[in-house]
1. Cβ-Cβ below 7 Å, separation at least six or inter-chain, first residue in segment 18-31 and open to solvent by 60 Å² or more (accessible area, probe 1.4 Å), second modelled with pLDDT under 95 and not in a helix (DSSP H, G or I): which pairs?
2. If Val84 meets every condition in (1) modelled with pLDDT of 95 or more; (2) surrounded by fewer than 22 Cβ atoms within 10 Å (Cβ to Cβ) apart from one, which number is that one?
3. Give the residues of segment 87-103 that are in a helix (DSSP H, G or I) and surrounded by 15 or more Cβ atoms within 10 Å (Cβ to Cβ), sorted by residue number.
4. Give segment 129-154 a look and list any residue that's open to solvent by less than 70 Å² (accessible area, probe 1.4 Å), modelled with pLDDT under 95 and either in contact with a Ser or Thr (Cβ under 9 Å, 6 or more places away or on another chain) or not in a helix (DSSP H, G or I) (or both), or say none.
5. Quick check on my filter: what residues within segment 104-128 are loosely packed, with under 14 Cβ neighbours inside 10 Å and not acidic (Asp, Glu)?
6. Testing Pro70 on (1) in contact with an Asp or Glu (Cβ under 9 Å, 6 or more places away or on another chain); (2) free of Cβ contacts under 8 Å to residues at least 60 places away in the same chain; (3) crowded, with 20+ Cβ neighbours inside 10 Å, one condition comes back false. Which one is that?
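The values are calculated or read from the model by the stated rules, or taken from the named source; none is laboratory data. Predicted model, so just to flag it, every value in this text is computed and none were measured. Reconstructed Cβ throughout: ideal geometry from the backbone, glycine too, with neighbour counts over all protein chains shown. Quick note on the areas: whole protein, heavy atoms, side chains included, nothing else; ligands and nucleic acids left out. Shrake-Rupley method; radii C 1.70, N 1.55, O 1.52, S 1.80 Å.
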Amino acid sequence: MAQPIRIDQRYGAGDMWLANCHPHPARVWKSWHAGALASIASGAHWLVAETTVIHGMPAASRIREAARGPVLCDPHGDRAWWLVPLGAAEELADVPQVRVRHAGWMLRCPPGGRALERVHWLWQPDGSGHLTDPAVLASAFGPGGYRPLAEDRG
C-alpha cells in the first residue's frame, strides 16, 4: 500500500497555494518530495510572463516590494517567469522584452525556498494569490521604469 504524502513544515502557504493551482495537487507534492520540479499549467489561476534574466532583473528592481508577485528564475538558462493575472496578455503585448505564454503552458517550478535543477523563486508565492500587476510590470520595462504615484510613496 502506498504511503500518503505528508505535508510538513518544509512547505508554507505559498507552496500550498501553488500546489492547489494544479488540478491534482498530490502530483505537485509527489514531484517535490522526489526532489523534482512540478509542472503546473498556466491559465486557470494565472498566466506566465517570460523575460530574460538580463532584462528582467533590472525591471524587478524598479518594482516596490508590495507590488511584486511571484517570480521564478533560471539564471543559467537566462529566463525569468512572472506570475501575472489572466488578462495580462493584452497589457503586455507592446512590451518587447516580455512574452506572455498561452493558457496551458507548463511552468516547471520548485517549492518555495528551494532551488531544483538550477531553478528558484526570486520572489515566491505567499499563499495570498497576489500576482504582479501587468501595468506595473510593463512600466518597469519602459524607458523610465516603474515609478510609484506620489500617494503610494507616503
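1. Ala26/Ile5; Lys30/Ile5
2. (2)
3. Our first condition is that a residue be in a helix (DSSP H, G or I); within segment 87-103, this holds for 88-92.
Across segment 87-103, the qualifying residues are Ala88, Ala89, Glu91, Leu92.
4. Those that are open to solvent by less than 70 Å² (accessible area, probe 1.4 Å), modelled with pLDDT under 95 and either in contact with a Ser or Thr (Cβ under 9 Å, 6 or more places away or on another chain) or not in a helix (DSSP H, G or I) (or both): Ala140, Phe141, Gly142, Gly144, Gly145, Tyr146, Pro148.
5. Quick first cut of segment 104-128, residues loosely packed, with under 14 Cβ neighbours inside 10 Å only: 104, 106, 113, 115, 117-118, 128.
Gly104, Met106, Gly113, Ala115, Arg118, Ser128 - these are the residues of segment 104-128 that are loosely packed, with under 14 Cβ neighbours inside 10 Å and not acidic (Asp, Glu).
6. With (1) in contact with an Asp or Glu (Cβ under 9 Å, 6 or more places away or on another chain); (2) free of Cβ contacts under 8 Å to residues at least 60 places away in the same chain; (3) crowded, with 20+ Cβ neighbours inside 10 Å applied to Pro70, the lone miss is (2).
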